[in-house]
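S.K.: One structure follows; several queries about it will come next.
The values are calculated or read from the model by the stated rules, or taken from the named source; none is laboratory data. A quick note: this is a predicted structure, and the numbers were derived from the prediction, not measured. Each accessible area value is taken on the protein alone, full model and side chains, heavy atoms only, with ligands, DNA and RNA left out. Shrake-Rupley method; radii C 1.70, N 1.55, O 1.52, S 1.80 Å.
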Amino acid sequence: MSRNAKIAVGGVAAGIILWIWLPWWAALLIVLGVPAAAYLALDPSQRRRLRRVSRREIGR
């Protein structure tokens with residue numbers, strides 16, 4: 001299993017556990033808020049690089 005697949009499986013497992021233990025709105029806030037906060041924490045140059053890589057992978 002690739003590294004990205006392991007991360008995805010862990011994220012899904014964490015999401016399911018949060019969904020069970022927390023109210024749905026709190027779990028949704030965490031699932032959407034953590035990646036958004038991580039993106040906003042990047043420098044502008046890192047954001048440009050991330051967008052460029054993402055576009056390149058989409059256009060394969």
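S.K.: Can you name the number of the only condition in (1) of a type outside the set (A, V, I, L, M, F, W, C); (2) under 11 Å from the mean Cα position of the chain (by Cα); (3) at pLDDT below 85 that residue 55 fails?
M.R.: Of the numbered conditions (1) of a type outside the set (A, V, I, L, M, F, W, C); (2) under 11 Å from the mean Cα position of the chain (by Cα); (3) at pLDDT below 85, the odd one out for residue 55 is (2).
S.K.: Out of the residues in the stretch 1-22 that are assigned to a helix (DSSP H, G or I) and open to solvent by less than 80 Å² (accessible area, probe 1.4 Å), state the one that is nearest to residue 35 (Cα to Cα).
M.R.: My answer is 11.
S.K.: Yes or no: the stretch 25-34 includes at least one residue that is open to solvent by less than 60 Å² (accessible area, probe 1.4 Å) and more than 13 Å from the chain's Cα centre (by Cα).
M.R.: Yes - at least one qualifying residue is present in the stretch 25-34.
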